[in-house]
Amino acid sequence: MRKVGIIGCGKIADSHAEQIMRIPGARIVGACDREILMAKQFADRFGVQGCFASTEELLSYLEDSPGLTV
């Protein structure tokens, strides 16, 4: 499985997420935005578990995840 973290949850992130979801074996596991509300809203729309306000938090959350793409 390819685990994907999204950094920046503005308008274009939805388009990226839609395309990522079309890739067999890919799953978005984390979302990061300086405005945590944006990350939470993105996560709600796409069923993402992890929401973060910094890239450091996102990468720390995912550091033991093989197959990570950010």
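The values are calculated or read from the model by the stated rules, or taken from the named source; none is laboratory data. Predicted model only: the values in this text are computed from it and were never measured. When we count neighbours, we look across all protein chains shown, and the Cβ atoms used for this are built from the backbone with ideal geometry, even at glycine. When the accessible area is computed, the model is the full protein with side chains, heavy atoms only, and any ligands, DNA or RNA have been set aside. Shrake-Rupley method; radii C 1.70, N 1.55, O 1.52, S 1.80 Å.
For the chain, what is the accessible area per residue in Å², given a 1.4 Å probe and the full set of protein chains?
About 65 Å² of surface per residue is accessible.
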*Provide the percentage of antiparallel DSSP beta bridges, counting only those with both residues in the chain; round to the nearest 5.*
0
*Quick one: length gained pulling Lys11 to Leu37 fully straight, 0.36 nm per residue minus the C-alpha distance?*
8.0 nm
_region 4-53 - percent of accessible surface contributed by carbon and sulfur, probe 1.4 Å_ = 54
*Tell me, what is the FRET efficiency for Glu57 and Arg2 to the nearest 0.05, using R0 = 22 angstrom and their Cβ-Cβ distance as r?*
0.55
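Say a site is exposed when it is one of the trypsin sites (Lys or Arg not before Pro), sits in a DSSP loop, and has at most 15 other Cβ atoms within 10 Å; what is then the longest site-free stretch of the chain? It would help to have the intermediate numbers written out before the result.
Values: sites that count: Arg22, Arg34.
For trypsin sites (Lys or Arg not before Pro) (loop position, at most 15 other Cβ atoms within 10 Å), the longest site-free span of the chain is 35-70.
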*Hey, got a sec? Which GluC sites (Glu not before Pro) in the chain land in a DSSP loop and have at most 16 other Cβ atoms within 10 Å?*
Glu35, Glu63
*asked:* Under the rule of at least 5 residues apart or a separate chain, name every residue whose amide H is placed under 5 Å from the amide H of Ala31.
replied: Ile6, Gly50, Cys51, Phe52
